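Peer 1: Below you will find the structure I want to go over with you.
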Amino acid sequence: MNNPLVENYFRVDKLPHIWCPGCGHGIIMSAIARAIEKSGLDKDKVCIVSGIGCSSRAPGYMDFNTLHTTHGRALAFATGVKLANPELEVIVIAGDGDLSAIGGNHLIHAARRNINLTTICFNNNIYGMTGGQYSPTTATGDKGTTAPYGNIDRPFDITQLAAGAGATYAAKATVYHVNQLQKYIEAAIGHKGFSMVEAVSVCPTYYGRKNKKGSAVDMMNWLKDSFVDMKIAEKMPEKAVGKFVMGEYVNKVEPEYTELYDQVIERLKG
Amino acid sequence: MAVSKDDLMVHIKEEWCKGCGICIAYCPKKVLGFNEHGKVSMLDRDNCIKCGMCEMRCPDFAIFLGGKENV
Ligand SMILES: Cc1ncc(C[n+]2csc(CCOP(=O)(O)OP(=O)(O)O)c2C)c(N)n1
Ligand code: SF4
Ligand code: SF4
Ligand code: SF4
């Protein structure tokens, strides 16, 4: 017997998925399905688009209209889908490498345009699929196969990057704080305009081993101890010292791209 | 109509469990453990409060709250 969520929203014949034991990506994929269910969306009106990476395999398991594209380009394909068919709810799934390294340009411009796409970044702070190279979100000093002596780069805060580029909804939560994560994904789906949720994931296989972070449970404990809710951080700043802040960074209304595009067409019809 | 907790129970799909231990570590009532195959097992059903946190944090859809009639 299967979970009804799995029966309703997944391609059961493709499961179990190939992700490693304790990989946080499965927790995010399940939160996305529950958020879609809660949003009451018609499955046929949802399109899930991904690039390449461990995270980008998610749409292969999800029973919606799905598009598995090329590394870093999910947002470019998604922009095309949305402009051609604005009534679709288009959800982009992208790894931190996919979204902020090779695809960083697409991220900032999709955010700048405020096109009504929902992007979920599966941020495990490493390139999982290709064996543990450091990514733009790897912390300074952490190790990867391409940073054997420790990374000297400064990491992006992907949520703030999206917000700075013009995203009208940007939130961050972790796979430990899964209730919050699901709530933000639901809010992002309901939001009109470019929305991004940074889902902080764990890669026990590469990031964990390279950085001696222990088991999947140890890594989840680290998330539990290292992230503090924005509301708590605002009220009691002493509790946020040395921690990452999760919460809704931006939630505002601005003109949406496909509507502006339609207005141009209407205007020129004369 | 909302489903009553009385009609729900935790189900385990052992063949999908990868033995990561996440559900066991964070079960608020500590009613889950490993079996001899390194897969999750319900140790104390009477004390399960059916909170669903095991389902929400399982990366593999291997544990979930479902209807009793589905056993
Ligand atoms: C154009 C191109 N460059 C490089 C690659 C190799 N490649 C595949 S996945 C990947 C990065 C994966 O990391 P991330 O996007 O963070 O996802 P994760 O696997 O960690 O979920 C890279 C560099 C590729 N497939 N295509
Ligand atoms: S390599 Fe890392 S990100 Fe990829 S499936 Fe394994 S744990 Fe997950
Ligand atoms: S439903 Fe809650 S109490 Fe019951 S096994 Fe799952 S996590 Fe534990
Ligand atoms: S979280 Fe899921 S895969 Fe991990 S031990 Fe529990 S049931 Fe098994």
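The values are calculated or read from the model by the stated rules, or taken from the named source; none is laboratory data. The shown structure was predicted, so the numbers you read here are calculated from the model rather than taken from an experiment. Cβ placement follows ideal geometry from the backbone for every residue including glycine, while neighbour counts extend to all protein chains displayed.
Peer 1: Of all residues in the range B:23-61, which are away from ligand 2 (no atom under 16 Å from the Cβ), surrounded by 14 or more Cβ atoms within 10 Å (Cβ to Cβ) and closer than 19 Å to A:Cys23 by Cβ?
Peer 2: Passing the criteria: B:Cys23, B:Ile24, B:Ala25, B:Tyr26, B:Phe34, B:Lys39, B:Val40, B:Met53, B:Cys54, B:Glu55, B:Met56.
Peer 1: Something else about it: Inspect all residues belonging to the range A:78-95 and state whether any of them is modelled with pLDDT of 95 or more, within 11 Å of ligand 1 (Cβ to nearest atom), assigned to a helix (DSSP H, G or I) and not aliphatic (A, V, I, L, M).
Peer 2: Among the residues of the range A:78-95, not one is modelled with pLDDT of 95 or more, within 11 Å of ligand 1 (Cβ to nearest atom), assigned to a helix (DSSP H, G or I) and not aliphatic (A, V, I, L, M), which makes the answer no.
Peer 1: Being in contact with a helix residue (DSSP H, G or I) (Cβ under 8 Å, 6 or more places away or on another chain) and either within 16 Å of ligand 4 (Cβ to nearest atom) or under 26 Å from A:Gly132 (Cα atoms) (or both) narrows it down to one of A:Leu75, A:Leu117, so name that one. Working first, answer last.
Peer 2: Working: A:Leu117 fails: either within 16 Å of ligand 4 (Cβ to nearest atom) or under 26 Å from A:Gly132 (Cα atoms) (or both).
On inspection, the qualifying residue turns out to be A:Leu75.
Peer 1: What residue, of A:Gly104, A:Gly22, A:Gly60, A:Gly72, is within 16 Å of ligand 1 (Cβ to nearest atom) and within 22 Å of A:Tyr176 (Cα to Cα)?
Peer 2: Details: A:Gly104 fails: within 22 Å of A:Tyr176 (Cα to Cα); A:Gly60 fails: within 22 Å of A:Tyr176 (Cα to Cα); A:Gly72 fails: within 22 Å of A:Tyr176 (Cα to Cα).
The match here is A:Gly22.
Peer 1: Right, something else. What is the one condition in (1) crowded, with 19+ Cβ neighbours inside 10 Å; (2) more than 19 Å from the chain's Cα centre (by Cα); (3) within 14 Å of chain B (Cβ to nearest Cβ) that A:Thr258 does not satisfy?
Peer 2: (3)
Peer 1: Let me confirm something: among A:Ala187, A:Ala167, which residue is touching a helix residue (DSSP H, G or I) at 6+ places or on another chain (Cβ under 6 Å) and at pLDDT 95 or above?
Peer 2: On the way: A:Ala187 fails: touching a helix residue (DSSP H, G or I) at 6+ places or on another chain (Cβ under 6 Å).
Matching residue, one of A:Ala187, A:Ala167: A:Ala167.
Peer 1: Still on this model: Would you please name the residue that is farthest from ligand 1 (Cβ to nearest atom), looking only at residues in the range B:37-55 that are over 15 Å from B:Gly21 (Cβ atoms) and more than 10 Å from the chain's Cα centre (by Cα)?
Peer 2: Ranking the candidates gives B:Asp46 first.
Peer 1: Another question, if that's okay. If you go through the range A:9-29 one residue at a time, do you hit one that is assigned to a helix (DSSP H, G or I), out of contact with any strand residue (DSSP E or B) (no Cβ under 8 Å at 6 or more places or on another chain) and either more than 14 Å from every other protein chain (Cβ to nearest Cβ) or crowded, with 17+ Cβ neighbours inside 10 Å (or both)?
Peer 2: yes
Peer 1: Here's a follow-up. Of all the residues that make up the range B:45-71, how many are more than 9 Å from ligand 3 (Cβ to nearest atom) and assigned to a loop (DSSP other than H, G, I, E, B)?
Peer 2: Counting residues in the range B:45-71 that are more than 9 Å from ligand 3 (Cβ to nearest atom) and assigned to a loop (DSSP other than H, G, I, E, B) gives 6.
Peer 1: Then there's this: Quick one: what pairs do we get from the range A:37-53, first residue within 14 Å of chain B (Cβ to nearest Cβ) and among the polar types (S, T, N, Q), second within 16 Å of ligand 4 (Cβ to nearest atom) and not in a loop (DSSP other than H, G, I, E, B), C-beta under 9 Å, 6+ apart or different chains?
Peer 2: none
Conditions tested, residue by residue: (1) of a type in the set (A, V, I, L, M); (2) assigned to a loop (DSSP other than H, G, I, E, B); (3) within 16 Å of ligand 4 (Cβ to nearest atom).
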{"site": "A:Gly141", "(1), (2), (3)": "no, yes, no"}
{"site": "A:Gly150", "(1), (2), (3)": "no, yes, no"}
{"site": "A:Gln160", "(1), (2), (3)": "no, no, no"}
{"site": "A:Ala163", "(1), (2), (3)": "yes, no, no"}
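Peer 1: From B:Gly52, B:Gly19, B:Gly33, grab the single residue that is touching a Leu at 6+ places or on another chain (Cβ under 7 Å) and within 11 Å of chain A (Cβ to nearest Cβ). Let's see the steps before the verdict.
Peer 2: Details: B:Gly19 fails: touching a Leu at 6+ places or on another chain (Cβ under 7 Å); B:Gly33 fails: within 11 Å of chain A (Cβ to nearest Cβ).
Being touching a Leu at 6+ places or on another chain (Cβ under 7 Å) and within 11 Å of chain A (Cβ to nearest Cβ) holds for just one of B:Gly52, B:Gly19, B:Gly33, which is B:Gly52.
Peer 1: Let me ask you something else. Would you check which residues across the range A:126-183 are crowded, with 19+ Cβ neighbours inside 10 Å, within 14 Å of another protein chain (Cβ to nearest Cβ) and either within 15 Å of A:Lys213 (Cβ to Cβ) or of a type in the set (D, E, K, R) (or both) and list them?
Peer 2: Within the range A:126-183, A:Gly128, A:Thr174, A:Val175, A:Tyr176 meet the criteria.
Listed here are the residues, each with its yes/no results for (1) more than 19 Å from the chain's Cα centre (by Cα); (2) more than 26 Å from A:Leu117 (Cβ to Cβ); (3) outside any helix (DSSP H, G or I).
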position	(1), (2), (3)
A:Gly193	no, no, yes
A:Val202	no, no, yes
A:Glu238	yes, yes, no
A:Gly242	yes, yes, yes
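Peer 1: Collect the residues in the range A:201-220 that are within 14 Å of chain B (Cβ to nearest Cβ) and touching a residue at least 24 places away in the same chain (Cβ under 8 Å), keeping them in residue-number order.
Peer 2: A:Ser201, A:Val202, A:Cys203, A:Pro204, A:Thr205, A:Ser215, A:Ala216, A:Val217, A:Met219, A:Met220
Peer 1: Moving to a separate point now. On the given criteria, is A:Lys213 away from ligand 3 (no atom under 16 Å from the Cβ), part of a helix (DSSP H, G or I) and of a type in the set (Lys, Arg)? Reasoning before the result, please.
Peer 2: Working: away from ligand 3 (no atom under 16 Å from the Cβ): yes; part of a helix (DSSP H, G or I): no; of a type in the set (Lys, Arg): yes.
Answer is no for this residue.
Peer 1: Do you know which of the residues in the range B:4-14 that are part of a helix (DSSP H, G or I) and in contact (Cβ under 8 Å) with a residue 24 or more places away in the chain is farthest from the other protein chains (Cβ to nearest Cβ)? Working first, answer last.
Peer 2: Going residue by residue through the range B:4-14, those that are part of a helix (DSSP H, G or I) are B:5-7, B:14.
Checking which are in contact (Cβ under 8 Å) with a residue 24 or more places away in the chain leaves us with B:5, B:7, B:14.
On the way: B:Lys5: 16, B:Asp7: 13, B:Glu14: 11 Å.
Going through the qualifying residues, I end up with B:Lys5.
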